[in-house]
Amino acid sequence: MTDNSVYSNPLITRYASRQMAENFSDDKRFKLWRRLWIALAESEMELGLNITPEQIAEMKKYADDINYDVAEKYEREVRHDVMAHVKAFGAQAKSAMPIIHLGATSCFVDCNSELIIMHDALKIIKAKLVNVMDKLKAFALKYKDMPALGFTHLQPAQLTTVGKRATLWLQDLMMDYDNLVNLEKSFKLRGVKGTTGTQASFMELFNGDGEKVKELERRVVRKMGYDNVYGVTGQTYPRKFDYNVLCVLSQIAQSAYKFSNDIRILQNMKEIEEPFEKSQIGSSAMAYKRNPMRSERMGSLARYVISLPMNSAITASTQWFERTLDDSANRRIVNAQAFLALDGILNIYLNVSENLVVYDKVIAKHIAAELPFMATENIMMECVKAGGNRQELHERIRVLSMEAGRNVKEKGLDNNLIDLIKADQMFAPVHDKLDDILDASKFIGRAPAQTEEFIANEIDPILMENADCLGLKGEVKV
C-alpha cells in the first residue's frame, strides 16, 4: 500500500516503466554485488587460492536471497553499505564468510554493478528509441504526399509534406541512435583493480604474479558477461563516462522536446493532434479544451534530462586524485533519474507517434490561405511566356498582393488574391490555368521522394538490425 504521508518519486509513480524502475532497484543492485563476489571468489579459486568448491556453492545458494533486515542492521552499525552486505552475505553463506570480498575494495562491487545497470538501462532506451523510429516511419510514408505549409521563423514559407516533416523528427532520432550505439561499443567494466587501481592487493594474494592478476580480471569480467575493462582506473571507473552517458540521454531528450513542441504548435493550428481519450478532461474549467497534455509532459521531462549532463560534468571535474566520496550521493540520484525520466519521455513518444490524428481539410485550408502569395512567381512567368512585360506584371501583382494582404490582416477576410487576379485583364493569359498553377502538389519539390529515399537508405537498416525488439506500445500511466 502507498504511504501517502511521505514524498514519493513521480518518476516511479507516474512516468517511468516498471521495467526501468526494476533495473535501478536495490534488488538488482545487491544481487549484482553477490554475483560479483561469487565471480571473484570462483576465479580466485581457479587460479590457486585457498578457496573451496563448497564455499562457492554456499555463496551461489544465497545469490538471490538478500537478507535485507540483516544488512540494514549492520549498516546502522558500520555506516558502510558494502561492508554491511558483506556481513549479511556471510551470515547466510557462513563457510564463505572468510573469503567474501577477498582482495577487493568497495568499488569492485559498486562500480561494476553500476556500469552493468547503466548498460542494461541503455538497452531499454535503445529498444524504445527504435520503436519510436518505427512508428514515425509508418507515419512519414503514409503522409509523404500530403502537402502542408512549411514554416521558417514560424512564418509560412514554401510547402513541404506532412510526411517529409516527420523525417526531420526521424533524422534527429537517427543521430541519437548512432551516438547510443557508439557509446555501447565503448562500454567497459571497471574490472578488478583494488583500492587505488594498482591491483596491489591482488599482487599480494598471488605472491607477485602479475599474469595471474591479469587473468583474474579477465575471468571475473567474462563471468559477468563482458570482455572489455578500463586499462587504468583510480578507485572508481572514470566519472567522465557518466557524463558521456548523460549526454546521449540528453540528446534523445532534445529530439523528443523538439517533436513535442512541433505537435503542440500543430495542435494549436488544428492540423495534427496527439491522441485524446474518450473520457479525458482537457481543463478543469473549460470543458471544451483538448490540451496537448502528452506533448507538454514530454517537454517537461525533457527539460529535466537536458539539464543533467552539467551535474555529471561537475562531478567528473572535481574528483581528487584517485577518488573522493562526494560523488556518491549525487550519482545515486542523477544517473538513475536521468534514465527514469527519459524512459517516461519515450513511453509518451511511443504513444503519441503511433496515434497522431491528421486533419487534412484544415491543412488544405491553411495552404489555400497562403498559396496564392507563393504562386505569384509562377503566375507571372506564365504571363511572360504569353508575351507580357515582366516588370509591369511584377508591379501589378505587387499591388494586388498588398490589397489581398490588407483584406486578410485589417479586415479579417479570406485571401482573395486569386479573385483579384481573375478580375484583372493583365493576367488574362492565365485565367484558365489558375487551378493547375495552384495545385499544391506542384509546390512540394522532391519531398515525397526524399521521404522514401531517406527511410529506405538510413532508417530501414536500423530497423532491420533491431527487428527483434519492434512491436512495443507506449504506456501513459496518468
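Just so you know, all these numbers are worked out from the coordinates, no wet-lab data involved. Model, not experiment: these values are computed from the prediction. Using ideal geometry, Cβ is built from the backbone for each residue, glycine included, and neighbour counts are taken over all protein chains shown.
Details
- Between region 332-347 and region 48-103, the alpha-carbon center distance in angstrom: 31 Å
- Using the Cβ-Cβ distance between Lys142 and Lys385 with R0 = 51 Å, the FRET efficiency computed as 1/(1 + (r/R0)^6) comes to roughly 0.85.
- Working note: Karplus 6.51/-1.76/1.60 with θ = phi - 60° gives region 153-169 the couplings 6, 6, 10, x, 10, 5, 6, 10, 10, 4, x, 4, 4, 5, 5, 5, 5 Hz, where Gly and Pro are set to x.
- Helix-only CD estimate at 222 nm, as mean residue ellipticity for the chain, using -39500 (n - 2.57) per DSSP H run (n ≥ 4): -20000 deg cm²/dmol
- Applying 0.36 nm per residue to the separation of Met45 and Met175 and subtracting their alpha-carbon distance, the gain on full extension is 42.2 nm.
- The charge dipole of region 113-192, taken about the Cα centre with unit charges on the Cβ atoms of Lys, Arg (+1) and Asp, Glu (-1), comes to about 160 debye, rounded to the nearest 20.
- Amide hydrogen neighbours beyond the local backbone of Val229, cut-off 5 Å, H modeled: Leu189
- At an R0 of 25 angstrom, the distance between the Cβ atoms of Asp419 and Lys270 translates into a FRET efficiency of 0.50.
- For Phe151, nonlocal amide neighbours, meaning residues 5 or more places apart or on other chains whose placed amide H falls under 5 Å from its own, are Ala157.
- Of the cross-linked pairs Lys28/Lys223; Lys164/Lys477; Lys60/Lys223; Lys409/Lys442, those separated by over 24 Å at the C-alpha level are Lys164/Lys477; Lys409/Lys442.
- The distance between label points at Arg18 and Ser317 comes to 4.3 nm (points 7 Å beyond Cα on the Cα→Cβ vector).
- Computed over the chain, relative contact order equals 20 percent, with contacts defined as Cα pairs under 8 Å that lie 6+ residues apart.
- With the simple spin-label model, which puts each label point 7 Å out from Cα in the Cβ direction, the Glu410 to Asn207 separation comes to 10.2 nm.
- Here each label is just a point 7 Å from Cα along the line to Cβ, and for Ser95 and Ile333 those points are 4.6 nm apart.
- Extension gain, Phe151-Ser5: 0.36 nm per intervening residue step, less the Cα-Cα distance, totals 47.6 nm.
- Cβ-Cβ distance of Val478 and His394, R₀ of 60 Å, FRET efficiency by 1/(1 + (r/R0)^6): the value works out to about 0.55.
- Scalar couplings 3J(HN,Hα) for region 230-242, obtained by applying the Karplus form with A = 6.51, B = -1.76, C = 1.60 to θ = phi - 60°, are 5, x, 9, 9, x, 6, 10, 5, x, 5, 4, 5, 4 Hz; x denotes Gly and Pro.
- 0 to 90° range, to nearest 10: angle between helix 376-385 axis and the chain longest Cα axis: 50 degrees
- Judged by the ratio a/c of the largest to the smallest principal axis of the C-alpha gyration tensor, region 87-186 counts as prolate, that ratio being 1.5 or greater while a/b is larger than b/c.
- Backbone N within region 154-188 under 12 Å of label point (7 Å from Glu465 Cα along the Cβ vector): 174-185
- Between 0 and 90°, nearest 10: helix 81-92 axis offset from the chain longest Cα axis: 60 degrees
- The phi-based Karplus calculation (6.51 cos²θ - 1.76 cosθ + 1.60; θ = phi - 60°) puts the 3J(HN,Hα) values of region 125-142 at 4, 4, 4, 6, 4, 5, 5, 4, 4, 5, 5, 5, 4, 4, 5, 4, 5, 4 Hz, whole numbers, x for Gly and Pro.
- Acute angle (nearest 10 degrees) that the helix 26-46 long axis makes with the longest principal axis of the chain, alpha-carbon atoms: 50 degrees
- A simple charge model with +1 on the Cβ of Lys and Arg, -1 on the Cβ of Asp and Glu and nothing else charged puts the dipole of region 1-146 at about 820 debye relative to its Cα centre.
- Fully extended contour minus Cα-Cα distance, from Arg290 to Asp435, at 0.36 nm per residue: 48.6 nm
- Rounded, prolate or oblate (a/c below 1.5 giving rounded, otherwise prolate when a/b exceeds b/c) for region 49-109 by Cα gyration tensor: oblate
- Residues in region 140-163 that a label on Lys365 would reach, taking backbone N under 19 Å of a point 7 Å out along Cα→Cβ: 147-150, 156, 162
- Amide hydrogen neighbours beyond the local backbone of Thr161, cut-off 5 Å, H modeled: Ala148
- Label zone at Ala57, where the point sits 7 Å out along the Cα-to-Cβ direction: region 72-103 residues whose backbone N lies under 17 Å: 93-97
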